[in-house]
Amino acid sequence: MATRGSLFDLRWIIALLFGVYGVVLLILGLGFETDEDRVKTGGFNVNLWVGVAMLVFTVLMATWALVRPLRVPDESK
Amino acid sequence: MLLADANFRLDAQAVDYVLLGFYFVIVLGIGLMARRSISSSLDFFLSGRSLPAWVTGLAFVSANLGAVEVFGMTANGAQFGIPTVHYYWIGAIPAMVFLGIVMMPFYYGSKVRSVPEYLNRRFGPASHLVNGISFATAQVLISGINLFALGSVVNVLLGWPLWLSIVVSAAVVLTYTAVGGLSAAIYNEVLQFFVIVAMLVPLTIVGLHRVGGWDGLVDKIADKTNELNSWPGTNLTGIGDATLSVLGIVLGLGFVLSFGYWTTNFAEVQRGLSAKSMSAAKRTPLIGAYPKMLLPLVIVIPGMIAAVLSPELASAKAQLAANPGTATDVQYNDAIKLLIRDVLPNGMLGVAITGLAASFMAGMAANVSAFNTVFTYDIWQTYIRKNRPDAYYLKVGRTVTVVGVLAAIGTAFIAAGYENIMTYLQTLFSFFNAPLFATFILGLFWKRMTPAAGWSGLVAGTLSALAVFVLANSGAVTWFGSPDSQGPSFVGAGVAFVVDILVSVLVSLRTRPKPDDQLTGLVWSLTPRESRRHTSDGEDSGWYRKPSVLAGGVLVITLVLNIIFW
């Protein structure tokens, strides 16, 4: 069936979402941490570290999608 | 009313809205892309049985990770502490393993399209109708709870009136489930799983940092005996006697309630049925069990942190401890919102709000996609309009999705007005699963069980659960726990299970069973081994893809976690 071929790869979508989230949080953590934020978090720069973690996760998802790309099954059921 | 109070208003800024908005764009995009892969009703309702196991496995967890779990389990964490982990390590995990190893071969192997359809083939139309209708009703009511929770997040965040928030939230879920079918619902559930984790993990880490780590948290908890040990969990069950309390947890919660929920609830089983092979179907609940096993660390612990960190919640807890039944300013259900408000800066706040919205959308989409399948296949196609072309049922499915969401809007308003009633309904429906599980187990392993036993066992079991529920809530019987604790639901489930088995056996002995040749593939002893077995070549090869290895692994780790938090 031709429709199987158009199935999109979810891993790229996950990578897209967390890539954007990661960059935004990283920028917030690096440049925009306010004193009020530090009171809330007890001094732990959560935006920075979660941003970094999300970008690592993005790289992992993208690598997985690249190394093991989605194969379109050629069988016709 | 939940969240209506101004002090829950989260201080969201432009960046938080951008993060939330970006998420909604992706969710709708998935719906549109999934639409292109739909050409038959099986594509719409079961994703054409084509999904890989990691996708269905994560969706399996997400489908359950709705408002009831996120608010309810953090609330239990805040109220009872560590004993809440029993919902996961005694409840969910063994049941998920059982579903994957024992029951999935019959669901997937017999090619049924829903759980009620299995009942129809095994016991005939009477049990089928009882289960089909009660399940469809339950799904509409529960999706109303999720929709109300979703609407209240939007209400708090944007300040829109509650009715508008509910309608807009419903429109988003409707768009992607009606357009993209189960594939869209499942792909979004996987995405939602990651977003929910991205909310819970940082929340736990920052929360622990604020209270001074694990030791700091332990220091601040008043009732150390009950809240820091998982056993005997007398505060959770409300059963004073330690031995009875342990029995209630192991038999009531662990065996009956959880096995009933996880193995017969179609909203869960449907994720497995959409897998692309028998092996992937078996692995669906097993892969799901790994994240499920770790979830209490980031759900129960934040609840416990909220109860010591949030001044409002800490004072409410002290008041309730001194005088149960006092009206307090905040409820345990508010635990996670209070913690998000108190510890997350803008940016992470946006991620957390997105996580809450994601969680309620996942829950609701699971309810809606299970509802439309059962309604279309089990009620419409079986009893009302038979033998139409497949395209007709695809169209019915889309229409029923719209109807289901509209009905959920209605039940969301019921939830808004009568929150307690909805909680009761939830408890009631949890009772329906216990007799259903008894009927399944007996029917699966005892070929002598007759069609008449099928429906009469279900009805008798449900009625007996109802009787326990009424006795507990009227205060007439108190030895199995007070009405506001979990004890009565554990006992009710146990009673329902036993009554169902007794009635089924007695009725079976007096009525005629179905002939053996009609039960092939539906009963253990009449199903050839080959048709239960999965292939282990191609994409199903490798030791780490063996269902038995996955099952053994998760059971061992769960046992270790149980011992650590003893």
Could you pull out the residue among B:ILE186, B:ILE196, B:ILE205 that is in contact with a strand residue (DSSP E or B) (Cβ under 7 Å, 6 or more places away or on another chain) and in a helix (DSSP H, G or I)? B:ILE186
Give the residues of the range B:12-48 that are among the hydroxyl-bearing types (Ser, Thr, Tyr), facing chain A (nearest Cβ under 8 Å) and assigned to a helix (DSSP H, G or I), sorted by residue number. B:TYR23
What do you reckon, is B:ALA171 buried (at least 21 other Cβ atoms within 10 Å of the Cβ) and assigned to a helix (DSSP H, G or I)? no
Scan the range B:500-531 for residues that are loosely packed, with under 15 Cβ neighbours inside 10 Å and touching a Gly at 6+ places or on another chain (Cβ under 9 Å) and jot them down. B:PRO528, B:SER531
Condition broken by B:ALA222, with the remaining ones in (1) in contact (Cβ under 8 Å) with a residue 12 or more places away in the chain; (2) part of a helix (DSSP H, G or I) satisfied: (2)
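Right, A:ALA2: more than 7 Å from every other protein chain (Cβ to nearest Cβ), touching a Lys or Arg at 6+ places or on another chain (Cβ under 9 Å) and at pLDDT below 90 or not? Walk me through it before giving the result.
Numbers: more than 7 Å from every other protein chain (Cβ to nearest Cβ): yes; touching a Lys or Arg at 6+ places or on another chain (Cβ under 9 Å): no; at pLDDT below 90: yes.
No: the conditions fail for A:ALA2.
I need the full set of residues from the range B:40-88 which are on the phi > 0 side of the Ramachandran plot and surrounded by 23 or more Cβ atoms within 10 Å (Cβ to Cβ), in order please. Spell out the reasoning first.
As a first pass, look at the range B:40-88 and keep what is on the phi > 0 side of the Ramachandran plot: B:47-49, B:81.
The answer is B:SER47, B:GLY48, B:GLY81.
Within the range A:5-28, can you find the residues that are at pLDDT below 85 and more than 8 Å from every other protein chain (Cβ to nearest Cβ)?
Restricting attention to the range A:5-28, the residues satisfying the condition of being at pLDDT below 85 are A:5-9.
Those that are at pLDDT below 85 and more than 8 Å from every other protein chain (Cβ to nearest Cβ): A:GLY5, A:ASP9.
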I need the full set of residues from the range B:331-352 which are among the aliphatic types (A, V, I, L, M), closer than 24 Å to B:GLN79 by Cα and facing chain A (nearest Cβ under 10 Å), in order please. B:VAL343, B:LEU344
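Considering only residues that are part of a helix (DSSP H, G or I) and within 8 Å of chain A (Cβ to nearest Cβ), which ones fall in the range B:49-68?
Residues of the range B:49-68 part of a helix (DSSP H, G or I): B:49, B:53-64, B:67-68.
If the condition is that a residue be part of a helix (DSSP H, G or I) and within 8 Å of chain A (Cβ to nearest Cβ), then B:VAL55 is the only one that fits.
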Mind listing whichever residues of the range A:29-66 are free of Cβ contacts under 8 Å to residues at least 24 places away in the same chain and facing chain B (nearest Cβ under 7 Å)? A:ASP37, A:LYS40, A:THR41, A:GLY42, A:PHE44, A:VAL46, A:ASN47
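Kindly indicate which of B:LEU58, B:LEU42, B:LEU99, B:LEU51 is more than 22 Å from B:LEU550 (Cα to Cα) and not hydroxyl-bearing (Ser, Thr, Tyr).
Details: B:LEU58 fails: more than 22 Å from B:LEU550 (Cα to Cα); B:LEU99 fails: more than 22 Å from B:LEU550 (Cα to Cα); B:LEU51 fails: more than 22 Å from B:LEU550 (Cα to Cα).
Checking each option against the conditions leaves just B:LEU42.
The values are calculated or read from the model by the stated rules, or taken from the named source; none is laboratory data. Being a predicted model, the structure only gives us computed values, none of them experimental. Positions of Cβ are generated from backbone atoms using ideal geometry, with glycine treated the same way; all protein chains shown enter the neighbour counts.
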